[in-house]
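Scroll down for the structure; my scribbles are underneath it.
Coordinate-derived values only; no laboratory data. Keep in mind that this is a model prediction, so the values were computed, not measured. When we count neighbours, we look across all protein chains shown, and the Cβ atoms used for this are built from the backbone with ideal geometry, even at glycine.
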């Protein structure tokens, strides 16, 4: 199995990268990945993305121990979408608490979330997306574009999680997964006026012939040498089973 990741700051963001990426292994078979993109028009957007990741990490640390607390809660029997929904439910509650605890305004809790749970043994996966982003499964790329008006999770903290999950979070389930990736929409803004190179294909589909763990870093550096412009922050995680 090969896991590749990339996190790069836009040329237009002088101080902070507003994107964030996360990966964690729950058990020998289950992996959790996430990429976040803080709202550029919000406040301290880098902090919001990082806060999402910290919440997901906390839940991932607790999940393997839940069977000791609840007899009917067994990580070993949960499908990827069930794990994803549980992580989302805890993030939702953590955001509500953080908003009160730190006296945060709406513009301080806005970030997109692209959450992937992968079962490498059964080759099944789920993706949950709040806002917009990109994912690729076995070579098929899907772009979720909300016309620069992402439906942020932070907009819905006064609602119940059940309603938000049903109405405001997009979800997909996959089987026979061999190659899967998630990315923030900043990858779409890695551009060149004349080059025919497609960064989406390069990072989400093309494979290193050397099993090179630095494939993403080297590919990105090559694009910059070719005068590609990073018009937005970029976060990508890809897993090839």
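Compute the Rg to Rh ratio over the chain from the alpha carbon atoms, using the Kirkwood formula for Rh, and round to two decimal places.
Result for the chain is an Rg/Rh of 0.96.
Tell me, how many Å apart are the Cα centres for the range 154-170 and for the range 31-47?
Cα centroid to Cα centroid, the span is 18 Å.
Over the alpha-carbon set of the range 30-98, work out the extent along each principal axis and list the three values in angstrom, largest first.
Ordered largest first, the range 30-98 gives principal extents of 44, 22, 15 Å.
Expressed as a rounded percentage, what relative contact order does the chain have, with Cα pairs under 8 Å and six or more residues apart?
For the chain, the relative contact order is 28 percent.
What ranking do 194, 112, 59 get, fewest neighbouring Cβ atoms within 10 angstrom at the top?
194, 59, 112
Of 144, 134, how do they rank once you tally other Cβ atoms within 10 Å and put the fewest first? Mind dumping the intermediate values first?
Working: 144 16, 134 24.
Lowest to highest Cβ neighbour count: 144, 134.
Pick from 96, 226, 58: which is most flexible by mean-square fluctuation in a GNM of the chain where alpha carbon atoms under 10 Å apart are linked?
Largest GNM mean-square fluctuation: 226.
At 222 nm, what helix-only mean residue ellipticity would the chain give, in deg cm²/dmol to the nearest 500, using -39500 (n - 2.57) for each DSSP H run of four or more?
One gets -8500 deg cm²/dmol as the mean residue ellipticity at 222 nm.
Mind checking which of 224, 127, 180 has the largest fluctuation in a GNM of the chain, springs on alpha carbons under 10 Å?
Residue with maximal mean-square fluctuation among 224, 127, 180: 224.
Counting other beta carbons within 10 Å of each Cβ, put 195, 171, 55, 45 in order, fewest first.
Final ranking by Cβ density, sparse to dense: 195, 171, 55, 45.
Gap in Å between the Cα centre of the range 114-138 and the Cα centre of the range 67-95?
16 Å
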